[in-house]
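Below you'll find the structure, written out as structure tokens, and then a few comments.
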Amino acid sequence: GLTFELSPPVLYELGLGPALDWLGESLQRKHGLKVTVRDRGPSGLTDDLKVLLWKCARELAHNIVKHAAANTVVIELSEDQGDVVLEVGDDGRGFDHAGVRHGGRDCFGLFSIEERMRDVGGGLAVDSAPGRGSRIRLTAPLTGETP
């Protein structure tokens, strides 16, 4: 049911990487997308951060299905200088991020994702243009980690 969609048990049992694998598999199965998941992420993420990144990944995947008309999706989890990094890329139709931003219509839910990332001291970066797909990069500091 829906609660399973919201955060699968695998997220708590095995971590964010395997949960993203699960998301990728369900996108392939339900929507025929070719999904590659690369998990080079840090271990020991807090549950809060796992859930936050999971929800954002799910939302970005939902956007791709709904708007992008993509064939392939790449979901990548990595670590960069004390940050956990989640990147979601697609080869779909892309969009004009500046136009979206200034139009004030949050049709991709990106403002709310960006706000949630900012709340944890992170951020969101978008690399997209009409006709060349998009890459969305979320970063959040690995709290409680000593460098």
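Please work out if Leu77 is within 16 Å of the chain's Cα centre (by Cα), modelled with pLDDT under 95 and not in a helix (DSSP H, G or I). Spell out the reasoning first.
Numbers: within 16 Å of the chain's Cα centre (by Cα): yes; modelled with pLDDT under 95: no; not in a helix (DSSP H, G or I): yes.
The answer is no for Leu77.
When the residues of the stretch 110-147 are narrowed to those that are under 14 Å from Gly82 (Cα atoms), among the hydroxyl-bearing types (Ser, Thr, Tyr) and at pLDDT below 90, which ends up nearest to the chain's Cα centre (by Cα)?
Step by step, filter the stretch 110-147, then rank; the result is Thr143.
Suppose we filter the stretch 129-144 for residues that are open to solvent by 20 Å² or more (accessible area, probe 1.4 Å) and under 16 Å from Gly92 (Cβ atoms); how many remain?
Adding up the residues that qualify gives 5.
Being open to solvent by 20 Å² or more (accessible area, probe 1.4 Å) and of a type in the set (A, V, I, L, M, F, W, C) is the filter here, so list the residues in the stretch 46-56 that pass it.
Scanning the stretch 46-56 gives Val51, Leu52.
Tally up the residues in the stretch 16-62 that are within 17 Å of Asp83 (Cβ to Cβ) and either part of a loop (DSSP other than H, G, I, E, B) or at pLDDT below 90 (or both), please.
The number of residues fulfilling the criteria is 7.
For the stretch 100-109, check the following and say yes or no: at least one residue is farther than 22 Å from Gln28 by Cβ, over 15 Å from the mean Cα position of the chain (by Cα) and modelled with pLDDT of 90 or more.
The answer is no, given that none of the residues of the stretch 100-109 is farther than 22 Å from Gln28 by Cβ, over 15 Å from the mean Cα position of the chain (by Cα) and modelled with pLDDT of 90 or more.
The values are calculated or read from the model by the stated rules, or taken from the named source; none is laboratory data. Computed from a predicted model, the values in this text were never measured in an experiment. All Cβ positions, even for glycine, are placed from backbone atoms using ideal geometry, and neighbour counts span all protein chains on display. For the accessible areas, the whole protein counts, side chains as well, though only heavy atoms, and no ligand, DNA or RNA atoms are used. Shrake-Rupley method; radii C 1.70, N 1.55, O 1.52, S 1.80 Å.
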